[in-house]
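Derivation of every value follows stated rules applied to the coordinates shown; laboratory data play no part. As the structure is a prediction and not an experimental result, all values here were calculated from the model. Ideal geometry is used to build each Cβ from the backbone, glycine not excepted, and the neighbour counts take in all protein chains shown.
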Amino acid sequence: MKGIIKGIILITFGLWTGGLKAQELNCIVTVVTDSKLEVSTVDKEVLDQMKDVIFDFMNNTQWTKDNFKVEERINCNIQLQISKIPSPGVYEGSLQVQSSRTAFNSAYNTTVFNFKDDNISFPFSRNAALAYAPNQFRDNMTSTLAFYAYFILGMDYDTYSLKGGTTYFNEAQEIVSIAQAAGYSGWKSNESGRRNRYWLVDNVLHQLFEPLRVCFYEYHRLGLDKLYDNKAEGRKAMFAALEKLNTVITVRPSALNVLNFTAAKLIEIKNLYSDADQKEKTDVTNLLKKIDPANSSKYQEILN
């Protein structure tokens with residue numbers, strides 16, 4: 001069980017806090033508006049309340065059956081950017097969702113998930129409350145936030161055990177299936193661009209993407225978590241994990257989840273290889289360019 005693994009690691013850190021329990025997410029929430037958007041005094045009050053409601057929903061909903069201690073909570077950030085208020089009480093914009101976890105035996109936080117959802121539209125009224133119920137669509141905000149709560153959990157659990165997040169990805173996929181009938185964007189396979197909730201979770205659970213999940217586990221658990229003990233061996237394991245992405249991009253070039261993963265790790269890999277020999281730098285740069293040729297110039301920075 002992933003919660004047990006996390007507990008063992010944190011005890012090693014010396015962070016035992018006497019059995020305090022908490023919900024799973026430690027989520028920072030911000031709600032901002034586009035600079036060109038005219039916002040009335042009433043809307044400002046509603047948006048302030050919206051921030052509090054989202055914070056309460058993400059942090060105080062019990063998403064799993066596992067017991068989390070306070071220090072085991074998953075650190076994550078949600079920034080809701082409102083770009084349109086097409087009618088009173090209706091809001092449109094984007095949602096930036098990010099989560100991280102601490103590498104073993106260090107204070108270093110690695111980005112696990114970072115995604116911008118541009119398909120955000122929902123009604124919200126003063127004194128509204130959010131409550132998630134499995135197998136139900138209550139409103140688009142609730143379903144969207146619940147989707148990302150489960151997706152964050154799935155990604156985090158996958159870093160501690162191979163495909164350990166499957167239960168939570170299945171829950172996220174069920175939310176997608178139920179929400180499709182509501183008519184909001186972001187939930188369907190036939191939407192343009194394939195950068196939406198449907199494809200995020202489909203990419204995780206589809207058999208074609210199994211090498212990505214193996215990569216994700218090995219990169220974090222066999223690589224990043226081993227850097228403290230042996231940086232050279234940890235870096236070697238991380239490179240071997242990244243090589244597994246070749247299998248995916250051969251069949252599905254420019255796959256959303258693969259590119260999202262490499263983008264999240266670019267700065268980390270650049271820093272990690274700063275003291276590597278030239279061959280190591282060249283090998284990882286060439287590998288990343290092959291996986292994501294559109295961003296070759298960014299990966300070239302590893303050689304600098």
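How many residues are over 20 Å from the mean Cα position of the chain (by Cα) and of a type in the set (Asp, Glu) when one looks only at the stretch 90-136?
Of the residues in that region, 1 qualify.
This table checks each residue for (1) in contact with a Leu (Cβ under 6 Å, 6 or more places away or on another chain); (2) within 20 Å of Gly186 (Cα to Cα); (3) among the aliphatic types (A, V, I, L, M).
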position: Val31; (1), (2), (3): yes, yes, yes
position: Glu38; (1), (2), (3): no, no, no
position: Gln49; (1), (2), (3): no, no, no
position: Ile54; (1), (2), (3): no, yes, yes
position: Asn59; (1), (2), (3): yes, no, no
position: Ile78; (1), (2), (3): no, yes, yes
position: Ser83; (1), (2), (3): no, yes, no
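Limited to the stretch 262-291, what total is found for residues that are without any contact (Cβ under 8 Å) to a residue 24 or more places away in the chain and among the charged types (D, E, K, R)?
Here the count works out to 5.
Residue pairs, Cβ under 9 Å, 6 or more apart or interchain, first in the stretch 220-240 and in contact (Cβ under 8 Å) with a residue 40 or more places away in the chain and at positive phi, second among the hydroxyl-bearing types (Ser, Thr, Tyr) and in a helix (DSSP H, G or I). List them.
So the pair list comes out empty.
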